[in-house]
Structure formats: structure tokens, C-alpha cells
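Some notes on the structure that comes next.
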Amino acid sequence: MRESIEGLILSQTILKESDKFLTVLTEKYGKISVYASHVRSIKRGSLAYSMPLQYCRFIINKKSDSYNLVSGDVIHSFLDLNNDLISFALAQYILDIARELTVENNDESEMLQLTLNTLFMIQKGTTPLAHIKATFEFRAMAQAGYMPELHGCDYCAKDGGEMLLDIMNGRIICAECQKKRNFGKEEPSDTGTAVIVVHLTVSMLRGLRYVLSSEPKRVFAYSIAQDELRDYADVCEKYILNHLERGFDTLEFYKEVSSMPE
Ligand SMILES: [Zn+2]
């Protein structure tokens, strides 16, 4: 059946001659694999709508669970992110996470929206990349089902002052309860997994809460003190990597190019 769908190309696998498989995040079918033949010709214009970082409208032939690309149009291009190595590296990591957290035949409209908004923010160039990255990581995890409970200390319900985030149990603990219980040193976690706790300042906790509760389009519109941004970014990165139990080459690459002297 021939139909029109919209989607963001997350990655491509080049096959023989001018054919490739595209991994596309769509609103309608979630993350799908689209077979694209004869798309590497610049003359035919098909190259533009068959590259990662392009958000396109595609005409596809759908046969049960296989999708064949007929033609396409670019709705919005993020290809100019390639002009800046650090932005490019971050965009690749964002696409990687979107691919990791989505599946086929599932409603992935929230994840698609978040990914597009994140790429827009990188493209706009007015917000520190560390802020964009951290916000995306934490929000993406919450949307994917790893929503932590940040309302108050999990033991005494206190809210305010120095708090700790217990990453694997998705909860916060106040400094007094941590001291009393020697939490993070001797006590095994509720799930039997490793206990990983990180310190949160008042502004960092406020930031995390904002990211969880904000409407999708406003998710980046908050601020973290300049001198706390590095720790904040570190918390969000630890949250995603520990829950997914894996690392990402694209993340390593981003870190490598971000730390290079300009
Ligand atoms: Zn407490």
C-alpha cells in the first residue's frame, strides 16, 4: 500500500551500489527501517531525502512490516550542523539515543518531538550545548519510562537544602537521612543493583524537576548557574548511561571534540 509519512532519518546503512537502509523515526509507525534503492544520485535529488539529520515527508510502499521508499521531500534539514564539529558530534549522539529508546509500531510521537526540538536548539546556537544535552538526556529517559520521583526525601519527605539523587532507584534523599543510614556505603539498594548517588544543589534539583514537568516546547527554557552546569550535565549523563547499562561511541566522540582546545 502506498502512503505518505513524515519522519526524521536517524541513521543509514549503505548497501550495494546506490541502495541503503534508513532508520527513520516516524509519528505513525515508531522507529522503522526503510529500504531505499537508487538514492545516492545527486542528480535525481534523492540524496537529500535519504540522509541522517533530514526531517522528510516520504512516499513509501508498505507491505506488512516492510517499507520501501518511493520518493521524498525535505521538510526541515539539520545538515548544516555538520559545519561545526562539536554540534555535529552532539547531534549524532542525540540520534543514537533516539534510536536506542524507540521501537517499531509504538507511539513515539513524544520522542520524535523531543528529538526535533533538541536538534532545533543545537541549530539555533543560543543555548550552551551542555544544557541542551543534559535536558535531552533526562527528559528522554523520563519519557521512555525511567521517570524518577523527585518530590521529597524518600525516607522523611523533607524538601530543601542539600539532596542526593539515588540514580538506580529513581528517588531523592536528604543529606540527614543519608548520614543516618550511611546510604550509598553499606545499605544495598531496594532493587539489589549498585547504589549510585550524586549530590544535587537546590538549583540542580529545580532544573531536573522543571525538565520532568515542562510542556514539550518549553523544556529547555530554564537556567542552571554557570558554575553548576558541569555537575548538572554529569548527573544527567550518569542517569542515562547507568539505566541503559551501556556507553555510546558518539558520546565519546562528542566528549573528545568538546575538550579539544579551540
Ligand atoms: Zn530525609
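Quick notes on this structure:
- For the pair K255 and S71, the difference between a 0.36 nm per residue extended length and the Cα-Cα distance amounts to 62.6 nm.
- Neighbour count of at most 11 Cβ within 10 Å plus DSSP loop: longest trypsin sites (Lys or Arg not before Pro)-free window in the chain: 44-184
- Think of a 1.4 Å ball rolled over the protein heavy atoms: the chain then has 50 Å² of accessible area per residue.
- Surface composition of the chain: carbon and sulfur make up 50 percent of the accessible area, probe 1.4 Å.
- Under the combined filter of DSSP loop state and at most 16 neighbouring Cβ atoms within 10 Å, segment 1-102 retains these GluC sites (Glu not before Pro): E17, E27.
- Cα pair distances exceeding 18 angstrom across segment 1-131, given as percent: 51 percent
- Over segment 73-150, the alpha carbon radius of gyration divided by the compact-protein estimate 2.2 N^0.38 Å works out to 1.12.
- Cα gyration tensor of the chain - equivalent ellipsoid semi-axes, whole Å, descending: 39, 19, 16
The values are calculated or read from the model by the stated rules, or taken from the named source; none is laboratory data. Here the structure is a predicted model, which is why all the values come from computation and not from measurement. Using ideal geometry, Cβ is built from the backbone for each residue, glycine included, and neighbour counts are taken over all protein chains shown. Keep in mind that these areas ignore ligands, DNA and RNA; they rest on the heavy atoms of the full protein, side chains included. Shrake-Rupley method; radii C 1.70, N 1.55, O 1.52, S 1.80 Å.
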